[in-house]
Every structure is written in C-alpha cells, then in structure tokens.
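K.L.:
Take this structure, written in structure tokens, and hold onto it; I'll ask about it next.
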Amino acid sequence: MIASIRGILIAVAADHVVVETGGIGWMIYAPRPVIAALGDIGATVRLFTCLVVREDSLTLYGFETVEQRQLFETLLSVTGVGPQAALNLLSSGTIDELRLAIATGDVTRLARTPRIGKKLAERLVLELKGKINVKGLPTGAAVTPAVAAANAELSEALISLGFTDAEAAAAIAALPSDAPPDLEERVRLALRYFSAS
C-alpha cells in the first residue's frame, strides 16, 4: 500500500496531477479542491494516497489529509460508488459538509453531485448513516452555550432511549434553528426526524 507521496508537482490536469519523486512521475487522481490547493508547477507537495486495484488497472488517488482519504475509502464501501463518484462527492464541498449531509439524510444535496443521483444518494445514507463520525460537526448556525447545553442534554436523552451517538448527533444537526430550548419539545422534534428518515 502506498500511503503517501512527497515530491515535485510536474503536471496538473482537471482531475489529476503528476508528482515526481525519485525520478518517477506518479499520476494521482484527486478531488478538485485538493488539486486547486497544491500550488504551482515545481512546488514540493505531499498527498496521502489510496491505491485502488482493479482487474485492468492500478490507480492512485490523493488527498490533503488522512481524514479525507478515510472518507474516500468509506464511500467506496457503498455498493455502486466507484472511485470517480467518490471523488465527485469529495469535490462537492468540505468533508464536514459531506459527512453532515450523509448523517442527516440530506439526499437532495447528495443527489446533486455528478454520477450520484437520487437512488445512489439514498443508498449512501442507508449504508453510511451510522458509520459517519459526526462529533464536532457544525450544525449550520452558530451554536450559543445555551444551545450547546440543550444539545448535550438532548443527546443524553436520545442515547438513553437506545439511539447511537451518531444517530443522536444526526437528529440534533437536523433540528430547526428556531427549535425551543425545552427538552421535551426537542426530544419530540428529534423523534419526528427518526420517523421521517
């Protein structure tokens, strides 16, 4: 497994770059934001890589962070999601936005990604909803200390009802911005989220 490559950036295309190290030029496919952030030809760059082995090819994919690479690998575990679709998803926004969209079941946002569509977006949500780590994800609006305390209380209540940490976090992220601070009402809204998903 080639875990990372550090070298000189010698070519840049729309969907891949070539990085030379030790006299070898490695063609590495990457999400558009990663390619855009690498800098100019001749710059020293480092990419965390994933080697995808197929019957007829060995293809390297590169990422800015280990976390980004891990999310790419997680996306590949979903039936019907190939490397190009996974790259498109990672090009569609930040990894936090993508994780939040999956965790909250935002099929509409996922389906807007090229090569995804509604059915595959629904499968992504179904297969990954409980596997995506949503701790520390932004919930859209700035969270005041009072809201953070209410969210923590709601999370404990949902977990005591048998939901996982990830499910509780997803329900909290889906709460409307004007949700009341009352715990009973917030639990009711969270349960409505689960019944709708």
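None of the figures in this text is laboratory data; all of them are computed from the coordinates on show. Keep in mind the model is a prediction, meaning the values are calculated, not measured. Neighbour counts are summed over all protein chains in view; Cβ atoms, including those assigned to glycine, are modelled from backbone coordinates with ideal geometry.
K.L.:
When all C-alpha to C-alpha distances in region 40-100 are sorted into bins of 5 Å, what percent of pairs does each bin hold, rounded to whole numbers?
P.N.:
Bins of 5 Å from zero give 4, 17, 27, 25, 15, 9, 4, 1 percent of pairs.
K.L.:
Mind checking which of Leu110, Leu183, Thr65 is farthest towards the positive end of the chain's charge dipole, using Cβ charges of +1 (Lys, Arg) and -1 (Asp, Glu) about the Cα centre?
P.N.:
Leu110
K.L.:
Using only DSSP helix segments of four residues or longer, with each worth -39500 (n - 2.57), what per-residue ellipticity at 222 nm results for the chain after dividing by its residue count and rounding to 500?
P.N.:
Numbers: 9 runs with 91 residues, N = 197.
Estimated from H runs of four or more residues: -13500 deg cm²/dmol.
K.L.:
Run the dipole for the chain about the Cα centre, Lys and Arg Cβ at +1, Asp and Glu Cβ at -1, nothing else charged, and hand back the magnitude in debye, nearest 20. Walk me through the intermediate numbers first.
P.N.:
Working: 18 positive and 21 negative charges, 92 e Å.
That gives the chain a dipole magnitude of about 440 debye.
K.L.:
Still on this structure, please answer the following. Using the crude model of +1 on Lys and Arg Cβ and -1 on Asp and Glu Cβ, and no other charge, please compute the dipole size for region 1-114 relative to its Cα centre, in debye to 20.
P.N.:
Values: 8 positive and 11 negative charges, 16 e Å.
So the magnitude is around 80 debye.
K.L.:
Okay, next question. Give me the tail of P(r) for the chain as a percent: Cα-Cα pairs with distance above 23 Å.
P.N.:
Values: 9844 of 19306 pairs.
Cα-Cα pairs in the chain separated by more than 23 Å: 51 percent.
K.L.:
Here is a follow-up. With Cβ to Cβ distances under 14 Å as the rule, what net charge do the other residues near Val107 carry (K, R +1; D, E -1)? Numbers along the way, then the final one.
P.N.:
Numbers: positive: Arg109, Arg112, Lys118, Lys119, Arg123, Lys129; negative: Asp106, Glu122, Glu127.
So the environment of Val107 carries a net charge of +3.
K.L.:
Moving on to the next point. Give, in nm to one decimal, the length gained when the segment between Ala37 and Lys118 is fully stretched (0.36 nm per residue of separation minus the Cα-Cα distance).
P.N.:
Values: separation 81, 0.36 × 81 = 29.16 nm, distance 3.01 nm.
Extending this stretch completely gives an extra 26.1 nm.
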